[in-house]
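Down below is the structure, laid out as structure tokens.
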Amino acid sequence: MQFRHKIAGGDFSKAGNAASSVKKVLNQLNVDHSIAKRIVIALYEGEVNVVAHAYSGVVDVQIDEKQIKIIITDKGPGIADIEQAMKEGFSTASQQVREMGFGAGMGLANMQKNSDFMNISSVPGEGTVVELINNVRPYEG
Amino acid sequence: MKIADIIETLDLKLISGAGGLQNEITGCYVSDLLSDVIGNAREGELWITLQTHQNIIAVASLKDLAAIILVRGLTAEEGTIEKSNLENIPVLTTTLDTFSVAGILYQLIKKK
């Protein structure tokens, strides 16, 4: 199963809509509650990042019996130093975004914590791609 | 303990989300940083905050929180009320400040 969601940069009134609709789909598919919850939280943080920093973005969701894969692609300023961005507490969010209680520099860390695999690639001045993968069944190594 | 049980004790006013009044309360989390709530609040907790915009409903819904209490008589924004009714997440307001409402809730929850 595969679907796509658009994200408008700067529009906080719609932030969370993609995460909310993915949550509904996962519930309909009877995906285990705790597994669904983690990926949806990671997606929500990613969605907020697009709204807070980028001009526009898309979320591509692929679900099969083994894993949930989410790719968030945005057109935006990109991330010059990903390692620095990953540090808890680091944020380049605007004052307005911070006043809403976002921009505490916890988003990427929350995304990492709530995904089994996360990869960020970015071209400064063009945009960022975040890939998130969560296993649907507990990993049996 | 349900949301409906604490309304009188805490002199809370229900703003929206009446559909969730029977939600069971398992604890409480106090924060105005949304990512902090996303990272650290647990399912079934009451969330005390001074943020009033509609993104608080998205956070509460994703984390399966019991309800949101706004402090110091703050009221919710229009979009927050709409989403709260849609998601059945009660938004309540109290004239108390964060310290006081958290203190009273602490006593109530620890007694259980």
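Coordinate-derived values only; no laboratory data. Just so it is clear, the structure is predicted and the values come from calculations on it, not from any experiment. So basically every Cβ, Gly included, is an ideal-geometry build from the backbone, and we count neighbours across all protein chains shown.
Hey, can you grab everything whose amide H is under 5 Å from the amide H of B:Ser16? Only 5+ residues off in sequence or another chain; H modelled, so Pro and N-termini drop out. For B:Ser16, whose amide H was placed from the backbone, the distant partners under 5 Å are B:Val91. Given a Förster distance of 51 angstrom, what is the FRET efficiency for A:Asp116 paired with B:Arg72, based on the Cβ-Cβ distance and rounded to 0.05? So the FRET efficiency works out to roughly 0.80. Rank B:Ala76, B:Ile89, B:Ile104 by how far each Cα sits towards the positive end of the charge dipole of the range B:67-112 (+1 on Lys, Arg Cβ; -1 on Asp, Glu Cβ) and give me just the farthest. Among B:Ala76, B:Ile89, B:Ile104, the one farthest towards the positive end of the dipole of the range B:67-112 is B:Ile104.
With neighbour counts taken as other beta-carbon atoms within 10 Å, the residues A:Lys69, B:Lys13 rank, fewest first, as B:Lys13, A:Lys69. Across the range A:2-135, C-alpha contacts under 8 Å between residues 6 or more apart give a mean separation that, scaled by the residue count, equals a relative contact order of 27 percent.
Taking amide hydrogens as modeled 1.01 Å from N in the peptide plane, which residues meet the under 5 Å criterion relative to B:Gly44, leaving out close sequence neighbours? For B:Gly44, whose amide H was placed from the backbone, the distant partners under 5 Å are B:Leu65, B:Ala66. Taking θ as phi - 60° and the Karplus parameters 6.51, -1.76 and 1.60, the scalar couplings of the range A:23-30 work out to 4, 4, 4, 5, 5, 4, 7, 6 Hz in sequence order, x denoting glycine and proline. Modelled this way, with points 7 Å down the Cα-to-C-beta line, the labels at B:Glu24 and A:Lys66 are 3.7 nm from one another.
Across peptide A:4-17, the average count of Cβ atoms from other chains found within 10 Å of a residue's Cβ is 2.
Would you tell me the mean number of C-beta atoms belonging to other protein chains that fall within 10 Å of each C-beta in B:92-100, as a whole number?
Values: counts 0, 0, 0, 0, 0, 0, 0, 0, 0.
Rounded to a whole number, the mean comes out at 0.
Bridges between two residues of the protein assembly as shown, per DSSP, are antiparallel at a rate of about 75%.
Among the trypsin sites (Lys or Arg not before Pro) in the range A:81-118, those placed in a DSSP loop whose Cβ has at most 12 other Cβ atoms within 10 Å are A:Lys87. Annotation: the residues A:Ile70, B:Ile7, sorted from fewest to most other C-beta atoms within 10 Å of their own C-beta, follow the order B:Ile7, A:Ile70.
Once R0 is set to 25 Å, what does the formula 1/(1 + (r/R0)^6) return for the Cβ-Cβ distance between B:Met1 and B:Phe99, expressed as a FRET efficiency to the nearest 0.05? All intermediate terms of the calculation are to be shown ahead of the outcome.
On the way: r = 21 Å, r/R0 = 0.83.
Efficiency, from the Cβ-Cβ distance: 0.75.
Comparing A:Gly101, A:Gly125, A:Gly57 in a Gaussian network model of chain A (Cα springs below 10 Å), the most mobile by mean-square fluctuation is A:Gly101.
Of all DSSP beta bridges located in the range B:12-112, what percent are antiparallel, nearest 5?
Values: 3 of 14 bridges.
The antiparallel fraction comes to roughly 20 percent.
Counting Cβ atoms of other protein chains within 10 Å of each Cβ in A:99-106 and taking the mean gives 6.
Taking a ≥ b ≥ c as the square roots of the eigenvalues of the Cα gyration tensor of chain B, is the shape rounded (a/c under 1.5), prolate (a/b larger than b/c) or oblate? Here chain B falls in the rounded category.
Listing B:Leu74, B:Leu33 from fewest to most neighbouring C-beta atoms within 10 Å gives B:Leu74, B:Leu33. Here chain B is treated with +1 on each Lys and Arg Cβ and -1 on each Asp and Glu Cβ, and its dipole about the Cα centre works out to around 320 debye. Converting phi to 3J(HN,Hα) with the Karplus coefficients 6.51, -1.76 and 1.60 and the offset θ = phi - 60°, the range B:7-21 yields 4, 5, 4, 9, 6, 8, 10, 7, 8, 6, x, 4, x, x, 5 Hz in sequence order, with x at every glycine or proline.
Residues in the range A:118-135 carry Karplus couplings, in order, of 9, 9, 10, 10, 8, 10, x, x, 10, x, 9, 10, 10, 10, 10, 10, 10, 6 Hz; the curve used is 6.51 cos²θ - 1.76 cosθ + 1.60 with θ = phi - 60°, and Gly or Pro positions show x.
Sorted by average packing, counted as other Cβ atoms within 10 angstrom per residue and highest first, what order do A:28-36, B:20-28 take?
Values: A:28-36: 13.2, B:20-28: 16.9.
Per-residue Cβ counts within 10 Å, averaged per peptide and sorted highest first, yield B:20-28, A:28-36.
In the range A:1-124, taking the dipole from charged Cβ atoms about the Cα centre, the farthest positive-side position among A:Ala109, A:Phe3, A:Ile72 is held by A:Phe3. A simple charge model with +1 on the Cβ of Lys and Arg, -1 on the Cβ of Asp and Glu and nothing else charged puts the dipole of the range A:1-140 at about 380 debye relative to its Cα centre.
Just going by the charge dipole of chain A, with Lys and Arg at +1 and Asp and Glu at -1 on Cβ, which of A:Gln84, A:His33, A:Val50 is farthest out on the positive end? Sorting the options by dipole projection puts first A:His33. Report summary: the helix-based calculation at 222 nm, which adds -39500 (n - 2.57) for every DSSP H run with n ≥ 4 and divides by the residues of chain A, gives -10500 deg cm²/dmol.
If R₀ is 41 angstrom, what is the calculated FRET efficiency for the pair A:Met1 and A:Ala80, using the beta carbon separation as r and rounding to 0.05? Before the final figure, lay out each step's value.
Working: r = 35 Å, r/R0 = 0.86.
Once the sixth-power term is evaluated, E becomes 0.70.
When the pairs A:Lys24/B:Lys111; A:Lys113/B:Lys110; A:Lys24/A:Lys69; A:Lys6/A:Lys37; A:Lys6/B:Lys2; A:Lys66/B:Lys63 are compared against a 27 Å limit on Cα-Cα distance, A:Lys24/B:Lys111; A:Lys113/B:Lys110; A:Lys6/B:Lys2 fall above it.
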